[in-house]
Amino acid sequence: MRGRLRYGTVVAGLLVALAAAVVAGLALGSVRIPASDVLEILTGGAEPSPFRTIVLDVRLPRVLLGAAVGAGLAVIGTVLQALVRNPLADPFLLGVSSGASAGAVAVIVLGSAFGIGAGLATTVTIPAAAFAGALLSLLVVYTLARSGGGGFATGRLILAGVAVSYILSALTSLILIMADSADHLKEVLYWTLGGLGSARWDMLALPGAALIAGTALLVALARPLDLLLVGEEGATVLGLDTARFRAAVFVLASLLTGVLVAYSGAIGFVGLMVPHAARMLVGAAHRALLPVVALMGAVFLVAADLAARTVAAPQDIPVGVLTALTGGPFFLWMLRRNRTEATA
C-alpha cells in the first residue's frame with residue numbers, strides 16, 4: 001500500500017509539474033503573456049487577439065510537440081538501456097538519432113531532385129527515411145558492440161555509437177554540399193541541432209499516435225524487459241527468446257525514434273538522463289517505470305525548450321544545444337561512475 005501510495009504521489013507530482021511547464025511555456029517568451037490570460041485562452045473564454053494567436057497557433061503546438069518528443073526519447077532510452085543492459089545507452093549516443101537525421105536530411109535535400117513534393121516529403125517520406133536511417137544505424141552499432149563474443153562492453157558500445165555518428169554526420173555534410181539550393185542549409189541545420197521552432201498543428205498527429213501506441217506496447221512488454229535485467233542466461237532459462245525479442249524491440253525503438261526525429265531533429269541525452277532520475281523514484285520495474293519516464297521526459301523537454309526560447313530572447317536557441325550542454329557533463333559523470341565496465 002505504501003509503495004502504491006508513493007508511486008501515485010510521484011505520478012501526481014509529475015502531472016502537476018507538466019501542467020505548470022505547459023502553462024509557463026505558453027506564457028513566457030519574447031512576448032510575455034499573463035498566466036491568467038493563458039488559462040482564459042485555453043478555456044475558450046478569450047476574445048480574438050494577438051495573445052490568443054500567439055498561444056494557440058504558435059506556442060501550443062510547440063509545447064505539445066516538445067512534450068511528445070521528450071516523452072518518446074525518454075521511453076526509448078529506457079528500453080535501449082534494458083536491451084543492451086548498459087546504463088549509457090541512449091538514442092543519441094548509439095547513433096540512432098544521427099541515423100534518423102541523416103535519412104531525413106537526405107529526403108529534404110534530394111527530394112526535389114526526384115520529384116518529391118514538399119507535402120508528401122513532410123507527411124510520408126521524411127518519417128520513412130528517418131526510420132530507415134535509425135534502424136540501419138542501430139543494427140550496425142548492435143553488430144559492432146557484440147563483435148568478439150560476449151555481451152555489450154560499455155567501451156565497445158560507446159565507441160561503435162560514436163563512430164557511426166561521425167560517419168553519418170559526414171554523410172549529412174556530403175549531402176548538403178551536393179545540394180543545389182542554399183535554402184536547404186537552414187533546414188539541415190535544424191535537423192542536426194534539434195529544435196521545435198517549426199511545430200504546427202498538422203505535425204502533431206503522427207508523433208502523438210506513435211508515442212501512445214509505442215509506449216502502450218512497451219508497457220505490455222514490461223515483463224520480458226525485466227527479464228533482460230537478470231542477464232542473458234537467466235532470461236533464456238525463464239523462457240524468453242532473447243534474440244527474437246531484442247530484434248523486435250529494436251525495430252520498434254527505431255520506428256519511434258524515426259518518427260520523433262522526423263519532426264524535431266536530433267535532440268540528444270534526454271534518453272540518457274531521464275531514465276536514471278526516474279529509477280531513483282520508482283525503481284527499475286518497467287511496468288511502473290515507463291509511464292513515469294514518459295511524464296518526466298515530457299516535463300524535461302518542455303522546460304528545456306522554454307529555457308531555449310527565453311535565455312537569449314528574442315533569439316531562439318535550438319533545444320538540442322541546451323540538452324547537450326546538460327547531458328554532456330551527465331554522460332561524463334556516468335562514464336566515470338562505470339569506468340570499470342567502460343575499460344572492459
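The values are calculated or read from the model by the stated rules, or taken from the named source; none is laboratory data. Here the structure is a predicted model, which is why all the values come from computation and not from measurement. Cβ coordinates were reconstructed from backbone atoms using ideal geometry, including for glycine residues, and neighbour counts include every protein chain displayed. These accessible areas exclude ligands, DNA and RNA; they are computed on the full protein's heavy atoms, side chains included. Shrake-Rupley method; radii C 1.70, N 1.55, O 1.52, S 1.80 Å.
Within segment 1-88, what whole-number % of the accessible surface is contributed by carbon and sulfur, with the 1.4 Å probe and all protein chains included in the calculation? Don't skip to the answer; put the middle values down first.
Values: 2700 of 4100 Å².
Ligands and nucleic acids excluded, carbon and sulfur reach 66 percent.
So what's the back-of-envelope 222 nm ellipticity for the chain, counting only DSSP H runs of four-plus at -39500 (n - 2.57) apiece and dividing by all residues, rounded to 500? Taking each H run of at least 4 residues, the total per residue is -23500 deg cm²/dmol. Structural descriptor for the chain: relative contact order 31 percent, calculated from alpha carbon pairs under 8 angstrom and at least 6 residues apart.
Placing a label point 7 Å from the Cα of Thr9 along the Cα-to-Cβ direction, the residues of segment 265-303 with a backbone N closer than 13 Å are 281-282.
For Val58 and Leu174, the difference between the fully extended length at 0.36 nm per residue and the C-alpha to C-alpha distance is 38.4 nm. Each Lys and Arg contributes +1 and each Asp and Glu -1, all at the Cβ; summed about the Cα centre of the chain, the dipole is approximately 1000 debye. Reported to the nearest whole Å, the Cα centre-to-centre distance from segment 228-307 to segment 61-93 is 5. Heavy-atom accessible surface of the chain, averaged per residue, reaches 45 Å², computed with a 1.4 Å probe. Taking label positions 7 Å along the Cα-Cβ direction at both Leu335 and Gln315, the computed distance is 2.8 nm, reported to one decimal.
Each other residue within a Cβ distance under 13 Å of Pro207 adds +1 if Lys or Arg and -1 if Asp or Glu, for a net charge of +1.
Counting 0.36 nm for each residue step from Ala247 to Thr143 and taking away their Cα separation leaves a gain of 36.3 nm. Using a probe radius of 1.4 angstrom, the carbon and sulfur fraction of the accessible surface of segment 272-324 is 72%.
Can I get the semi-axes of the chain's equivalent ellipsoid? Compute them from the C-alpha gyration tensor as square roots of 5 times the eigenvalues, in angstrom, largest first.
Values: eigenvalues 207, 142, 60 Å².
That gives 32, 27, 17 Å for the three semi-axes.
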